[in-house]
Amino acid sequence: MKRRLITYMALPVVWCLVSGYVTIGSLFLGLIFGMIVVEPFSKLYRLDEVVHPTGDWLAKIPKKIKYFYVLIKEIIKANIVVAKIVLSPTINIKPGIIAVPIRAKTNIGITGIANTITLTPGTLTVDISDDQSILYVHSIDATNPQGIRDSIRDDLEKYVLEAFE
């Protein structure tokens, strides 16, 4: 079974969950919207590859669930830190751009870690090196660049690598 077919079968379900309506029309609309949104990214995510429902594909489902759990936890923690910065009477921060070496080698792994960083409040992936080994990350408080690098490597990238590479 090709990844494209699996993706196209999942998108109407996601659309129904988001919209709150489970009808034939809603499923059809989710399929149409999904096809329009996913098609430009089909080469990046290798949607024409054949996926066998055994082996690596099934084994990564628990790792992907763990990744999403860690992502939600990190987003909540970062929201609290950003809220403390914003609500403090004096803002004592030093924003900056930090070079973060990454271990991800595939396009989906690199995209996953870059998007994970961007989803976390207070950080934003702004660029990637030509050899795709370093992400440049803007941080709202770059007073401890090594701590940010370690946090990305240990708290985020580890789970992206397990789930998507």
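Just so it is clear, none of the values below were taken in a lab; they were calculated from the coordinates. Model, not experiment: these values are computed from the prediction. As a convention, Cβ positions derive from the backbone with ideal geometry for all residues, glycine included, and neighbour counts pool all protein chains shown.
Using the structure shown, select from Lys60/Lys105; Lys2/Lys66; Lys64/Lys158; Lys43/Lys66 the pairs with a Cα to Cα distance greater than 21 angstrom. Each step should come with its number before you reach the end.
Values: Lys60/Lys105 17 Å; Lys2/Lys66 25 Å; Lys64/Lys158 12 Å; Lys43/Lys66 26 Å.
Beyond 21 Å between Cα atoms: Lys2/Lys66; Lys43/Lys66.
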As an exercise, use a Förster radius of 35 Å and the Cβ-Cβ distance of Ile85 and Val18 to find the FRET efficiency, rounded to the nearest 0.05. 0.65
If amide hydrogens are placed 1.01 Å from N in the peptide plane, which non-local residues have theirs closer than 5 Å to the one on Asp127? Tyr136
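When Ser139, Ser26 are ordered from fewest to most other Cβ atoms inside 10 Å of their Cβ, what list results? Mind showing how you got there, number by number?
On the way: Ser139 24, Ser26 16.
Ordered by Cβ neighbours within 10 Å, fewest first: Ser26, Ser139.
Full-extension gain between Asp48 and Arg103, please, as 0.36 nm times their residue separation minus the C-alpha to C-alpha distance. Each step should come with its number before you reach the end.
Values: separation 55, 0.36 × 55 = 19.80 nm, distance 2.54 nm.
My answer for the length gained is 17.3 nm.
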Hey, what's the Kirkwood Rh for segment 3-51 if you take every pair of different alpha carbons, in angstrom? 11.0 Å
Comparing Ile24, Ile93, Ile117 in a Gaussian network model of the chain (Cα, 10 Å), the one with the largest mean-square fluctuation is Ile24
Put in order of increasing Cβ neighbours within 10 Å, starting from the fewest, Trp15, Trp57 give Trp57, Trp15
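With the cut-off at 20 Å, report for segment 1-94 the share of all Cα pairs above it, as a whole percent.
Details: 2664 of 4371 pairs.
Tail fraction, whole percent: 61.
How high is the relative contact order of the chain? Use alpha-carbon pairs under 8 Å, at least six apart in sequence, and give a whole percent.
Details: 194 pairs, mean separation 38.5, N = 165.
Once divided by the residue count of the chain, the mean separation gives 23 percent.
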Note the listed values [x] 1.03; [y] 0.99; [z] 1.06, then indicate which one is Rg/Rh (Cα atoms, Kirkwood Rh) calculated from this particular structure. [x]
Taking amide H atoms as placed 1.01 Å from N in the peptide plane, list the residues 5 or more away in sequence, or in a different chain, whose amide H sits under 5 Å from that of Lys2. Val51
Amide H contacts of Ile102 (H built 1.01 Å from N, under 5 Å, at least 5 apart or other chain): Ile134, Leu135
Only Cα pairs within less than 10 Å get springs; with that Gaussian network setup on the chain, which residue of Asn79, Asn107, Asn144 has the largest fluctuation? Asn144
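Return an integer: the convex hull volume of the alpha-carbon atoms of segment 67-131, in Å³ per residue.
Dividing the Cα hull volume of segment 67-131 by its residue count gives 87 Å³.
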Taking the Cα-to-Cβ direction at Met35 and at Tyr136 and moving 7 Å from each Cα, how far apart do the two end points lie in nm? 4.0 nm
Pairs of alpha-carbon atoms within less than 8 angstrom and 6+ residues apart define the contacts here; what relative contact order does segment 3-51 have, in percent? 48 percent
